[in-house]
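Read through the structure below, which is laid out as structure tokens, and then see the notes.
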Amino acid sequence: EQILTTLRDDANNTIFDGKWTFLQEWKSTSEDIVEYDDGTKFVIKTGHDYENLYVLIDFITGTSFNKSADRGIVCFDTKMNRSTIPDKDDYCFSVVLGSQRAITLQGGNFLAQKGYWIRTENHPNLIAVGNISDKNDRYTSIPHSTYEFKIPIEAIGRSDMYGFYVGVYDAKSHKEYS
């Protein structure tokens, strides 16, 4: 399924605190809603400003919180080659709930037990924050997990099309939704 990403000229107004800080904060981004048969629902908001990619994962039904275990992840297949094993040009960025410390993974590892990923140094301008959204969230005011990412395009390489994966892990149910 194709997700279009809009040009964002208001990104300097975003407060990267891992939640909807004000109602209009992510308004000028593209939206994709993911719903599962079990009632689980999250919203993906994406945008770019030619220098950065912006991703918000709004895990609307993620209302049980396990800080340092619940997490959001965003991955890019930069060459769109859809390989079954991640290549050196594939990247993932992850953050756990309650954290501002991103983890950057790059494909190309030869070890299957590590999922063929290598943990690499974060780009200095990478921002990833997991927190709890509430009253300012445009989808629900019930407290729930939210993850914000500002990913420098320089970190993954410039392209007009990427393979894209988004996931949230809910520690209480031991399930990953993507």
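The values are calculated or read from the model by the stated rules, or taken from the named source; none is laboratory data. This is a predicted model, so every value here is computed, not measured. Neighbour counts are summed over all protein chains in view; Cβ atoms, including those assigned to glycine, are modelled from backbone coordinates with ideal geometry. The accessibility values were calculated without ligands, DNA or RNA, using every heavy atom of the protein model including side chains. Shrake-Rupley method; radii C 1.70, N 1.55, O 1.52, S 1.80 Å.
Would you check which residues across the stretch 109-140 are surrounded by 14 or more Cβ atoms within 10 Å (Cβ to Cβ), closer than 26 Å to ILE153 by Cα and of a type in the set (Phe, Trp, Tyr) and list them? TYR116, TRP117 - these are the residues of the stretch 109-140 that are surrounded by 14 or more Cβ atoms within 10 Å (Cβ to Cβ), closer than 26 Å to ILE153 by Cα and of a type in the set (Phe, Trp, Tyr). Take the conditions (1) modelled with pLDDT of 90 or more; (2) open to solvent by less than 60 Å² (accessible area, probe 1.4 Å); (3) in contact with a strand residue (DSSP E or B) (Cβ under 9 Å, 6 or more places away or on another chain); (4) not aliphatic (A, V, I, L, M); GLY39 misses just one of them, which is (3). Within the stretch 165-178, being open to solvent by 50 Å² or more (accessible area, probe 1.4 Å) and either among the acidic types (Asp, Glu) or assigned to a loop (DSSP other than H, G, I, E, B) (or both) holds for LYS172, HIS174, GLU176, SER178. Reported count of residues in the stretch 33-70, each being part of a strand (DSSP E or B) and without any contact (Cβ under 8 Å) to a residue 40 or more places away in the chain, is 4. State whether the residues of the stretch 80-91 include one that is at pLDDT 95 or above, touching a strand residue (DSSP E or B) at 6+ places or on another chain (Cβ under 9 Å) and hydroxyl-bearing (Ser, Thr, Tyr). Yes, some residue in the stretch 80-91 is at pLDDT 95 or above, touching a strand residue (DSSP E or B) at 6+ places or on another chain (Cβ under 9 Å) and hydroxyl-bearing (Ser, Thr, Tyr). For the criterion of being open to solvent by less than 80 Å² (accessible area, probe 1.4 Å), over 20 Å from ASN136 (Cα atoms) and under 15 Å from the mean Cα position of the chain (by Cα), VAL34 passes. Considered as a group, the residues in the stretch 1-25 that are surrounded by 14 or more Cβ atoms within 10 Å (Cβ to Cβ) and modelled with pLDDT under 80 include one that is farthest from the chain's Cα centre (by Cα), and that residue is ASP10.
Among the residues of the stretch 134-164, those identified as modelled with pLDDT under 95 and not in a loop (DSSP other than H, G, I, E, B) are GLY163, PHE164.
Cβ-Cβ contacts under 8 Å between residues 6 or more apart (or on different chains), taken from a first residue in the stretch 137-150 that is closer than 20 Å to LYS67 by Cβ to a second residue that is among the basic types (Lys, Arg), are listed as ASP137/LYS19; THR146/LYS19; TYR147/ARG71; GLU148/LYS19.
Return the residues of the stretch 79-108 that are hydroxyl-bearing (Ser, Thr, Tyr), part of a strand (DSSP E or B) and open to solvent by 20 Å² or more (accessible area, probe 1.4 Å); say none if nothing qualifies.
Across the stretch 79-108, the qualifying residue is only TYR91.
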